Structure formats: structure tokens, C-alpha cells
Amino acid sequence: MRKLKLVSDDTHIPFIGMRFVALGLSATAVVVSVALVAILGLNFGIDFRGGTLIEIGSEEPADIADLRGRLGNLGLGDVQIQEFGAPTDVLIRVETQPGGAEAQQAVVDAVRAELGTAFDYRRVEVVGPTVSGELIEAGVLAIVLAVGMMLVYIWFRFEWQFSVGAVVALIHDVLITMGLFALLQLEFNLSIVAALLTIVGYSMNDTVVIYDRVREKLRKYKRMPLPELLDLAVNKTLSRTIMTSVTTLLALISLYIFGGEVIRGFTFAMIWGIVIGTYSSIFVAAPMLLWLGIKRDWSGAGAGEPGSKPAPQAGE
């Protein structure tokens, strides 16, 4: 039985030769992403802003304008109402009210009293300002710790050049993902933080596979020019990288289409993360080794040093 292969085992794509174009694209994307987050800001969900979220449903398509008028007259401050997937599903967000948890519960009671039994109340979430602030700190801390621990792990597993390259790729992925959320003003909540952490893990896994192959080729080809060696390592892992990415994307796209609105933001972040993580592993993490000057000799013989004369190695 023949194995399914999306990419030939004998590819010779000059990825490292495209490093300057990739660097320009990545640098531009990172700068634009940081600017978008600074100027537009993230559309924080109820988890981070605090307040009350109520999801309701009806048998007939909801009249959003009528709901805005009725709830706007309750004197609750900023009230946001939007369709949530189907025309019969509505999401109501109400800003944090002064007075603690009892005041937030009073919002739920007021909305129920105004809308009556014409709607099905499917979900109610109440988050106070203190809790929302703690969640922001915990989310940022989780991402920073994840990236920091990856730095330490790669440093011990390989060398410091590998760890720096991997962390640069991770920061690249996280910043561009946040920039996309700022641009599209998609809701940024705790599930998106979970998606970012998953992206960090996925991208690191891809990068480690490439780095492991780079180390193997460094041991085997002592005289091969480093750009050529990096190209060889990336091409040898390309089939595995593409196959893993495609199969993961198939599952995520199914979840995005059929999983409903509740997890749509999470799956969108994951889909984008798989794409950008695969890109960064090839076009950011690998070229970083060339710029940082990785150690050529992994055998202890000193054969990879510039002035040495190692014996020629057999072809692969």
C-alpha cells in the first residue's frame, strides 16, 4: 500500500534564500500588529472588562432595535446587544454596575423583568471589576511564563542560539495573532488566552522538529555551508510539517463551521495560529540560527570550526 504524501521526500525549496523577504514581511506584520493593538485596542470580553453577559434565544428572529430600545431605558449604562450566530440568538452585554455582586445580579433581574418569558435565558455570566483585573494579570502571566519556560527548555535541549530563535518565533506568532484580533475587533476572552497558549505549544513543537533535524545534519555534514544545511533540514521535515498542519486544520475548520458561536473565537485563533506557527517555524526560527551563528561541531572533534579540515562526509 502506498503512503499518502502531500510533499515529496526529495524537495529542494530554497527557504533560507527567501529569508530576507520573509524577514521584511514578518517585521512589517509585527510592527503593524503592535500599532493596531495600541491604537484600536483589543475587544475584551466580559472576562476581562467585567460586567454581565446574558445569552437569550427566541422562536422567531429577534428584533435587535426593539431590544436595544427596551433595555436602553433601564438606566444600566452601556448595553451592547448583538446577534449570536442565528437570528434567533442574542447576546446582551451590560457594563459593570457600582455596588458589587448584588448590583450585577440586579442587572440580570432587571433584564428578565423587562423581557419576560418571551425569551429563553440560556447563559448568564457575571464578572466583577476586581475579578476581571485579576484575570487579565493571570492571562498575561500565563503567556509570559509559557514563553519563558520554552526558552529554558530549548536552551538545555540544544544551545542558546536555538532557544533565542524559538522564542523569537513564538513572540512573532503571539503578537501577530493579537494584531489580527485587534484589526477584526473579535472578542478577546479567556478562551483566546487558552488558544494563544496552545499556539505557543504547537509552534514550539514544529520548531523543535526542525531544530532536531538541523542538529542531526550539523553532526553529519561538517563542511556543508550553513544556509544549504538549514535548507536541507527544513526540506527533510517539510512532509511531516505539512501533514500535521493539514490534518489539524481539517479538524479545526470542522469545529469552526459546526461548533457554534461559543467556541468560534477559539477555533478561529487556533486556525490562524496553526498557519502562522508553521510559517514562523520555517521562515523565522530556522533563519535565526544563521544570523545567531550556531555551533557547527556537535561531535566534540572541532571539525566544524572555520580553519579545520574535516574529512568529507558521504552523501545522504
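Overview of results
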| read-out | value |
| --- | --- |
| Matching option when the condition is over 20 Å from Met18 (Cα atoms) and touching a residue at least 24 places away in the same chain (Cβ under 8 Å), among Thr207, Thr237, Thr248, Thr241 | Thr248 |
| Matching entry among Phe158, Phe162 (being hydrophobic (A, V, I, L, M, F, W, C), more than 22 Å from the chain's Cα centre (by Cα), buried (at least 18 other Cβ atoms within 10 Å of the Cβ) and within 19 Å of Val208 (Cβ to Cβ)) | Phe158 |
| Matching option when the condition is in contact (Cβ under 8 Å) with a residue 60 or more places away in the chain, closer than 18 Å to Asp206 by Cβ and either assigned by TED's automatic domain parsing to the domain that holds Gly201 or touching a helix residue (DSSP H, G or I) at 6+ places or on another chain (Cβ under 8 Å) (or both), among Phe162, Phe158 | Phe162 |
| Residue in the range 253-267 that is surrounded by 17 or more Cβ atoms within 10 Å (Cβ to Cβ) and within 24 Å of Val167 (Cα to Cα) present | yes |
| Residue list for the range 213-254, filter: touching a helix residue (DSSP H, G or I) at 6+ places or on another chain (Cβ under 7 Å) and of a type in the set (Val, Ile, Thr) | Val214, Val234, Thr237, Thr241, Thr248, Ile253 |
| Where a residue in the range 173-194 is assigned by TED's automatic domain parsing to the domain that holds Gly277 and its partner, wherever it lies, is acidic (Asp, Glu), with Cβ under 8 Å and at least six apart | Asn189/Asp47; Leu190/Asp47 |
| Qualifying residues in the range 39-77 (those that are of a type outside the set (Ser, Thr, Tyr) and in contact with a Lys or Arg (Cβ under 8 Å, 6 or more places away or on another chain)) - the one modelled with the lowest pLDDT | Ile46 |
| Subset of the range 213-246 [within 23 Å of the chain's Cα centre (by Cα), surrounded by fewer than 18 Cβ atoms within 10 Å (Cβ to Cβ), modelled with pLDDT under 85 and not hydroxyl-bearing (Ser, Thr, Tyr)] | Arg240, Ile242, Met243 |
| Elements of type strands (runs of 3 or more DSSP E) in the range 36-125, at least 3 residues being touching a Gly at 6+ places or on another chain (Cβ under 8 Å) and touching a residue at least 40 places away in the same chain (Cβ under 8 Å) | 86-94 |
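The values are calculated or read from the model by the stated rules, or taken from the named source; none is laboratory data. In this text the structure is predicted, and so the values were computed from the model without any measurement. Ideal geometry is used to build each Cβ from the backbone, glycine not excepted, and the neighbour counts take in all protein chains shown.
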